[in-house]
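Just below is one structure, and these are the notes that go with it.
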Amino acid sequence: MYVAGGHKRGVTDQTDEAPVTADLPEAPFHTTGTDHITLVGSNEDDTVAFYRDLLGMPLVLRQPNLDDPTSTHLFFDTGDGRILTFFVSDDRQSGGAPLRHQVGSVHHIAFSIDPHRFADVKEALDAAGHGFNEFDRGVFHSLYTRDHNGLTIELATDKYDVPEDRRGEVLAATQRHRVEDGAEYAEARHLEAALEELGLGADPVELPDAPTGAGVD
């Protein structure tokens, strides 16, 4: 089969699942992290109101869109130096209707939040008129809301303190414990076992009970 640009890629037996591991794969090169993600936004006022004034992301750069100088390029720091950017224009109206999903589209974007501010986040969303759903996702706990253009935004917090530089290793070990346990999805006990196996400790964060959301579109 072919990928974008017409380069041929080896065909893999569809019955074979790709291995889950934190080891670097055999590849011509390896990425070193997420630099930024860029979305097509509506106007600057609404974008700043949601991402800066509600979610608390500093607006760190504003300049013309280099590919289309009639629009503006906004850069927000998501909290750890990783950047989210938007192409915006004052003649675009925001629309809060849920976005339709298709192959290649963005389903949702997830941002981390402080578990000790979880209740505060819910209060802030409610006060701003942004409804949300709360789910216990097994290895993390999440709130789901929508931005001013209908994009689903997940605000997630870990149930345990997972070091950022070892997150992939921890999740891969969690997967192994899940498979050995015969569980359908990764649960807190699998994450706890992975942390203990890796010598990272497993002190849980107190979070409210919530449904898993399994099977909910």
Requested in this report: Residue by residue through segment 141-169, note down the ones that are surrounded by 18 or more Cβ atoms within 10 Å (Cβ to Cβ), touching a residue at least 40 places away in the same chain (Cβ under 8 Å) and β-branched (V, I, T).
Outcome: I153, T157
Requested in this report: Hey, can you tell me all the residues within segment 65-103 that are under 17 Å from H148 (Cβ atoms) and aromatic (F, W, Y)?
Outcome: F76, F86, F87
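A quick yes/no check of all residues on (1) over 30 Å from L99 (Cα atoms); (2) surrounded by fewer than 16 Cβ atoms within 10 Å (Cβ to Cβ):
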{"position": "G182", "(1), (2)": "yes, yes"}
{"position": "L191", "(1), (2)": "yes, no"}
{"position": "E206", "(1), (2)": "yes, yes"}
{"position": "A210", "(1), (2)": "no, yes"}
{"position": "A214", "(1), (2)": "no, yes"}
Report summary line: Per the filter on segment 28-51, residues in a helix (DSSP H, G or I) and either more than 17 Å from the chain's Cα centre (by Cα) or more than 16 Å from F111 (Cα to Cα) (or both) are E44, D45, D46, T47, V48, A49
**Report entry** Verdict on E187 being in contact with a Gly (Cβ under 8 Å, 6 or more places away or on another chain) and under 27 Å from G33 (Cα atoms)
**Finding:** yes
Report summary line: Checked pairs for segment 94-107, first in contact (Cβ under 8 Å) with a residue 60 or more places away in the chain and surrounded by 10 or more Cβ atoms within 10 Å (Cβ to Cβ), second of a type in the set (A, V, I, L, M, F, W, C) and outside any loop (DSSP other than H, G, I, E, B), C-beta under 8 Å and 6 or more apart or across chains, list as V106/L39
Query raised in the report: If we scan segment 137-146, do we find a residue that is aromatic (F, W, Y) and modelled with pLDDT of 95 or more?
Result: yes
Query raised in the report: How many of the residues in segment 72-93 are assigned to a loop (DSSP other than H, G, I, E, B), in contact (Cβ under 8 Å) with a residue 40 or more places away in the chain, surrounded by 14 or more Cβ atoms within 10 Å (Cβ to Cβ) and not basic (K, R)?
Result: 1
Query - Verdict on E123 being acidic (D, E) and over 25 Å from D209 (Cα atoms) - result: no
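The values are calculated or read from the model by the stated rules, or taken from the named source; none is laboratory data. Small disclaimer: the values here were computed from a predicted structure and weren't measured. Counting neighbours? That spans all protein chains shown, and the Cβs are built from the backbone with ideal geometry, glycine included.
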